[in-house]
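Here is the structure we will look at.
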Amino acid sequence: MTSAEKVILKLYVTGRTPRSQRAIGALQKICEEELAGSYDLTVIDVLEHPQLAEEEKILATPTVIRSLPPPIRRIIGDLSEAEKVLLGLDLTTITNNISE
Amino acid sequence: MTTEPLQKHETGIEGLDHVSQGGIPKGRTTLVSGTAGSAKTILAGQFLVQGIRQYQEPGVFVTFEETPDDIRQNMLGFGWDVDAFEAAGHWQFVDASPEFGSERIIAGDYDLGALVARVEHAVNACDAKRVVIDSIGPIFAQFPNVTTVRSELLRIAQVLKRLGVTSIMTAERTEDFGPIARYGIEEFVSDNVVILRNVLEDEKRRRTIEILKLRGAPHSKGEYPFTIVPDSGIEVIPLSAIELAQSSSETRIPSGIEELDEMCGGGFFRDSIVLVSGATGAGKTLMVTQFLAGGVANGERCLLFAFEESRGQLFRNAAGWGIDMNGMEDNGLLVVDCCYPEIMGLEDHLIRMKVLMDRFKPQRVAVDSLSALERVSTLKGYREFVLGLTATIKEREVAGLFTSTTPSITGGTSITEANISTITDAIILVRYVEMFGEVRRGMTVLKMRGSPHEKVIREFTIDSSGMHIGNTFRNVIGILSGQPQNVTTDEMERIQEMFQRP
């Protein structure tokens, strides 16, 4: 597997709120289960880096952006609905490809 | 801890500051609500622009609707160079406009914390004193949870309050006369509500601004018409500018007709408004021409707004009465502005007239005829125009002469008179008088505030040297009502005796 196929995710949160923690936990869990190490996850606190939120035009938190592979996908919420997250990040097809 | 009274923040939008009696609440959020096309974004943009230009107060523009590029372009149409403001660090955008094409899936609970952080960051980054949020409708379309969005907007309002900035939030309404805004926003976000309307009435658009509430602070009530001027934005027409506080002058100025000066007890007052009413062809324009000539002879600057005749006609007719208007213009003491009433709305006429008056700074202003403008507007709009014009003239303490054409040849009153008679200082009637198969002309000073004046009806004639006022009509009654009747000397005496009896 090459680095080009790596899934790049950015998770924007506001502070260390329970909602932020829930989102971080949920995303890490999904990634471990579905992507098994072939991913790159960065957590960005918009309170510390508002400029980064401005650049990406983030309004809601938590927001996950899958910047690679294209197309760019956005998911909003604390990611408590795991099925929607999988669907939204289009991870099911990716994992299928990997397993093939 | 002491409670301080509410402070107002001058917006720099002249008319808005006037109707709000000093500006919008300082450090608070004011909701500006209106239907599509009611100039919400223009008002919002102008609020920031005036802050930067007049008060050196930087501003943040949070856009939920148009992209910053669109806004920059639209604002340029009013001569507001947002690019330059941004380059100077006085203007900052927070771009929350919807992005098309990017998929967005909602999976669980969320808030708008990132937006709040971005707004706060932008305010701190340019040390903003003013914030505009335009407009909140699309954010509800982007996020389906209305309760969350509402409470997040309230949170933004609270953050702005903590930062001490004065802000305007715009919202859509579906009808010009209906609920204040969609999504019940006003109950959550703001106690200060300004409503913009753009109502279609008798096939004419009429824009108004109304301050609905201002957190208990005093403000002018009701709707005020406004217009959008290409290079300066919103211009509110403050009708209540007639503050009845104008200093009153005792100085008399010549009317341009000697006999008329006598009839008025020595001429018009320096700062009065005179209405001349009469049928078409009765001699109103002549009176205007002589009023202007009298001013110019006195070394005064005179401005004529002509709505009925072209320059060519006016100048030719004046020459026929022995008055050289060309020469007066060459001297720089006269400006004649001819314009068809139909080419624009009354609000725009008023703004134009105001601009001309500011530029030329006349000591006399004549409008010939005011009643020609009746037909381009609704009655309400016309009434407001007359009030606004009178206020504008009185503010500048100049002498004004308006003419009004009566609908019937022999007498009666026009709409103009009904609307204007109480705000004019003097009324002069010119009438046709039919006597023994001959049409003659009569004139009387109906009212003249603060001065004794003749009560009789005098005959006047017009020839190549202008107007000549002669003797009173004797043995005629009913001239004013348009039904003159000749009475015999016996009858006259009988009537006079009746009033003399104890």
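Legend: mean number of C-beta atoms from other chains within 10 angstrom of residue C-beta atoms, peptide A:49-56, equals 5. Note that the range B:146-185 carries a Kirkwood radius of 11.5 Å, evaluated over its alpha carbons pair by pair.
Close amide H pairs (under 5 Å, H built 1.01 Å from N) link A:LEU68 with A:ILE8, residues at least 5 positions away or on another chain. In a simple Cβ point-charge model (Lys, Arg +1; Asp, Glu -1; nothing else charged), chain B has a dipole of about 880 debye relative to its Cα centre. Using C-alpha pairs under 8 Å with a sequence gap of at least 6, the mean separation divided by the residue count of the range B:8-241 gives a relative contact order of 30 percent. For the range A:1-53, rounded, prolate or oblate, judged on the Cα gyration tensor with a ≥ b ≥ c (square roots of eigenvalues), a/c < 1.5 rounded, else prolate if a/b > b/c? Judged from the Cα gyration tensor, the range A:1-53 comes out oblate (a/c at least 1.5, b/c at or above a/b).
P(r) tail for the range B:209-354, what percent of Cα pairs lie past 21 Å? So the pairs more than 21 Å apart make up 59 percent of the total in the range B:209-354. Full extension of the segment from B:LYS380 to B:ARG155, taken as 0.36 nm per residue of separation minus the current Cα-Cα distance, would add 76.8 nm.
B:LEU260 sits among other residues whose Cβ lies under 14 Å from its own Cβ, and their net charge, with Lys and Arg +1 and Asp and Glu -1, is -2.
Sorting the segments A:32-43, B:279-290 by their mean number of nearby beta carbons within 10 angstrom, highest to lowest, gives B:279-290, A:32-43. Note that chain B shows a convex hull volume over its alpha carbon atoms of 202 Å³ per residue. Shown here for the range B:9-116: chymotrypsin sites (Phe, Trp or Tyr not before Pro) in loop regions (DSSP other than H, G, I, E, B) with at most 13 other Cβ atoms within 10 Å, namely B:PHE100. Remark on the range B:39-161: hydrodynamic radius 15.1 angstrom, per the Kirkwood mean of 1/r across alpha carbon pairs. Here the relative contact order of chain B, from alpha carbon pairs under 8 Å that lie six or more residues apart, stands at 13 percent.
Across peptide A:75-84, the mean count of Cβ atoms from other chains lying within 10 Å of each residue's own Cβ comes to 5. With contacts taken as Cα pairs under 8 Å and at least 6 residues apart, the range A:7-89 reaches a relative contact order of 41 percent. Distant-in-sequence amide contacts of B:ARG441, defined by a placed amide H-H separation under 5 Å and a gap of 5 or more residues or a different chain, comprise B:VAL433, B:PHE460.
The protein assembly as shown gives an Rg/Rh value of 1.19, both radii derived from C-alpha positions and Rh following Kirkwood. For B:SER255, the amide hydrogen comes within under 5 Å of the amide hydrogens of B:ASP261, B:PHE268, counting only partners 5 or more places away or on other chains and with H modelled in the peptide plane.
The listed residues B:LYS129, B:LYS447, B:LYS455, B:LYS40 rank as B:LYS455, B:LYS129, B:LYS447, B:LYS40 when sorted by accessible area, largest first, using a 1.4 Å probe. Computed from phi, the 3J(HN,Hα) profile of the range B:136-146 under the Karplus parametrisation 6.51, -1.76, 1.60 (θ = phi - 60°) reads 7, x, x, 5, 6, 6, 6, 10, x, 7, 4 Hz, with x in place of Gly and Pro. Placing +1 on the Cβ of every Lys and Arg and -1 on the Cβ of every Asp and Glu, with nothing else charged, gives the protein assembly as shown a dipole about its Cα centre of roughly 1120 debye. Rounded to the nearest Hz, the phi-derived 3J(HN,Hα) couplings of the range B:380-392 under the Karplus curve 6.51 cos²θ - 1.76 cosθ + 1.60 (θ = phi - 60°) are 5, x, 5, 4, 5, 4, 4, 4, x, 5, 4, 4, 4, where x marks glycine and proline.
Given +1 at the Cβ of Lys and Arg, -1 at the Cβ of Asp and Glu and no other charges, the dipole of chain A around its Cα centre is 220 debye to the nearest 20.
Placing +1 on the Cβ of each Lys and Arg and -1 on the Cβ of each Asp and Glu in the range B:12-133, which of B:ALA36, B:PRO98, B:PHE47 has its Cα farthest towards the positive end of the resulting dipole? Checked the options; the winner is B:PHE47. Projecting the Cα atoms of B:TYR183, B:PHE78, B:THR63 onto the dipole axis of the range B:8-241, where Lys and Arg carry +1 and Asp and Glu carry -1 at the beta carbon, places B:TYR183 farthest toward the positive end.
Between the alpha-carbon centres of the range B:474-497 and the range B:113-163 there is a gap of 77 Å.
Alpha-carbon geometry of the range B:8-241: the Rg and the Dmax are 16.9, 57 Å, given in that order.
Can you list the residues of the range B:3-27 with backbone N under 20 Å from a point 7 Å past the Cα of B:VAL229, pointing along Cα to Cβ? B:10-23, by backbone N distance to the label point. Shown in residue order for the range B:269-275 are the 3J(HN,Hα) couplings computed by the Karplus curve 6.51 cos²θ - 1.76 cosθ + 1.60 at θ = phi - 60°: 7, 3, 10, 9, 10, 10, 10 Hz (x for Gly and Pro). Projecting the Cα atoms of B:GLN142, B:GLY322, B:GLY256 onto the charge dipole of the protein assembly as shown, computed from C-beta unit charges around the Cα centre, puts B:GLY256 farthest toward the positive end.
The values are calculated or read from the model by the stated rules, or taken from the named source; none is laboratory data. Bear in mind the structure is a predicted one, so any value in this text is a computation, not a measurement. Every residue, glycine as well, gets a Cβ built from its backbone with ideal geometry; the counts of neighbours run over all protein chains shown. SASA here: full protein model, heavy atoms, side chains in, ligands and nucleic acids out. Shrake-Rupley method; radii C 1.70, N 1.55, O 1.52, S 1.80 Å.
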